[in-house]
Amino acid sequence: MRSRNPADLEPCDIVVDVGAVFDPERQRFDHHQREFTETMKSLKILDYETKLSSAGLVYAYYGKAVISSITGIPKESQDMTVLYEKVNNEEEVIVFYPVFGVNTAPSIKGNKKSS
């Protein structure tokens, strides 16, 4: 469903990029709130300080499960840790643009890893 109407969104199992709510417990992944500042670092997932988009939030919480379902690599393995971080990096993300219907990757600065 595509809607910005809160009444339409309330019964949904997961809501991404609308609703003005970030609440992973309720599977609400919007980043459009003025006060939103979440990063992989602030979520204690990876040591990156780039503010997350809704897609980044979904990746933060479901990325390992998706990668595992595609590759068969266990979510808690060292190989997964390496692959998960690589996919999060600028060079690796560009590979996925065609998957989302984008023919040319935009110019992006990439994630800022903490020093």
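A few comments on the model shown:
- Qualifying residue in region 62-76 (condition: under 21 Å from Arg2 (Cβ atoms) and surrounded by 18 or more Cβ atoms within 10 Å (Cβ to Cβ)): no
- Tally of residues being over 22 Å from Thr50 (Cβ atoms) and either part of a strand (DSSP E or B) or hydrophobic (A, V, I, L, M, F, W, C) (or both) across region 1-35: 6
- Whenever a residue of region 1-23 is in contact (Cβ under 8 Å) with a residue 40 or more places away in the chain and surrounded by fewer than 10 Cβ atoms within 10 Å (Cβ to Cβ), it has no partner that is in a loop (DSSP other than H, G, I, E, B) and hydroxyl-bearing (Ser, Thr, Tyr) lying with C-beta atoms less than 9 angstrom away and at least six residues away or across chains.
- Some residue of region 69-81 being over 28 Å from Arg26 (Cβ atoms), modelled with pLDDT of 90 or more and assigned to a helix (DSSP H, G or I): yes
- Verdict on Val93 being modelled with pLDDT of 60 or more and not in a loop (DSSP other than H, G, I, E, B): no
- Filtering region 44-90 to residues that are more than 25 Å from Val18 (Cβ to Cβ) and either of a type in the set (D, E, K, R) or in contact with a Cys (Cβ under 8 Å, 6 or more places away or on another chain) (or both) leaves Lys44, Asp47, Glu49, Lys75, Glu76, Asp79, Glu85, Lys86, Glu90.
- Members of region 1-55 that are on the phi > 0 side of the Ramachandran plot and in contact with a helix residue (DSSP H, G or I) (Cβ under 6 Å, 6 or more places away or on another chain): Asp17, Gly19
- Per this entry, Ala55 is counted among residues that are out of contact with any Lys or Arg (no Cβ under 9 Å at 6 or more places or on another chain) and among the hydrophobic types (A, V, I, L, M, F, W, C).
- Unmet criterion (only one of (1) modelled with pLDDT of 85 or more; (2) exposed (fewer than 12 other Cβ atoms within 10 Å of the Cβ); (3) assigned to a helix (DSSP H, G or I)) for Pro98: (1)
The values are calculated or read from the model by the stated rules, or taken from the named source; none is laboratory data. These numbers come from a predicted model, not from an experiment. Glycine also receives a Cβ, built like all others from the backbone with ideal geometry; neighbour counts cover every protein chain displayed.
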